Amino acid sequence: MRIIRYTDPSGQVHYGSETSGGEVVRIDGDVFGVHKVTASRAEVAKVLAPVAPAQIFCIGLNYRRHAEETNAKLPEYPVVFMKGVNAAANPGDPILIPRHLPSEEVDYECELAVVIGRPAKNVPRDRALDYVLGYTCANDVSARDWQIRFGGGQWCRGKTFDTFAPLGPCLVTPDEIPNPNALAIATVLNGERVQDWTTGDMIFDVPRLIEFLSGSTTLVPGTVILTGTPHGVGMARKPPLWLKPGDVVTIEIERIGRLTNPVAFESTAAAP
């Protein structure tokens, strides 16, 4: 099933199921619990990120070629950091380049996102995929200056600005993706393919990540796991390739689809 989350013309949030013909029918109930796919056509005013994340775990240096391009040693254990839920962004919404804490080095990262569907703790590898609600595209947008130089030695400051985790366009259930480590994955920037690889290059595959992250730790329903990016990131290019206002970034993953976001400057107005 291909699940989308959307607002109707009155602004109410719903879930729907996208048919093979592209029509969306309404889902009644809770996609993390009891729910039913109806025959009623959904009134989709705006497509949202397919989940409102409960928490966002991220994995760094999880593709062999990406570790090579950054001259990093292959990790013995998954490299874990987190993004705030504020970073989640909808398909089509702008990625905002920070201006209040200004960044001149905002980068793209195509990633496969895993959404946990039920409480998971101390999950063995051979049962890990049983806890997955679905998969979606993610862009682990990264302010490299804040990640590497200004963040006090931690990555989170440069990774968790508003809009730095676009998700979408839909959530594809595991019956349609039996092996999440056999998918083509790419980033297209202004029409040019700047990342183009396969999830088979992961150092720690999806079952291993769930096993590791759930160790002595409860992954609550709605947990999103960003599984790392392949080679081709902007900071590794010569000269570096940074996002700028007016750019359009698309993340493509086989069997899931395309997640597209424009790029703009953040407004520096204070929140009311």
Any chance LEU133 is surrounded by 15 or more Cβ atoms within 10 Å (Cβ to Cβ) and not basic (Lys, Arg)
yes
Let me confirm something: among VAL80, VAL51, which residue is in contact with a strand residue (DSSP E or B) (Cβ under 8 Å, 6 or more places away or on another chain), of a type outside the set (Gly, Ala, Ser) and surrounded by fewer than 17 Cβ atoms within 10 Å (Cβ to Cβ)?
VAL80
Read through the list (1) touching a residue at least 40 places away in the same chain (Cβ under 8 Å); (2) within 18 Å of ALA113 (Cβ to Cβ); (3) over 17 Å from the mean Cα position of the chain (by Cα), then give the number of the only condition that MET235 fails.
(2)
Please specify each residue of region 12-23 satisfying the condition of being open to solvent by 40 Å² or more (accessible area, probe 1.4 Å) and in contact (Cβ under 8 Å) with a residue 12 or more places away in the chain.
VAL13, HIS14, TYR15, GLU18, GLU23
Output for Cβ contacts, cut-off 8 Å, separation at least six or different chains, first residue aromatic (Phe, Trp, Tyr) in region 91-114, second part of a strand (DSSP E or B) and surrounded by fewer than 19 Cβ atoms within 10 Å (Cβ to Cβ), reads TYR108/LEU189; TYR108/VAL194
Has region 236-247 got at least one residue that is in contact with a Lys or Arg (Cβ under 6 Å, 6 or more places away or on another chain) and surrounded by fewer than 20 Cβ atoms within 10 Å (Cβ to Cβ)?
no
Where in region 120-221 are the strands (runs of 3 or more DSSP E), entirely inside, with at least 2 residues that are of a type in the set (Val, Ile, Thr) and in contact (Cβ under 8 Å) with a residue 12 or more places away in the chain?
132-139, 184-189, 192-198
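The values are calculated or read from the model by the stated rules, or taken from the named source; none is laboratory data. Everything numeric here is computed off the predicted structure, so don't read it as measured data. Don't worry about glycine lacking a Cβ; one is built from the backbone with ideal geometry, like all the others, and counts go over all protein chains shown. These area figures cover heavy atoms from the full protein model, side chains too; ligands, DNA and RNA do not enter into them. Shrake-Rupley method; radii C 1.70, N 1.55, O 1.52, S 1.80 Å.
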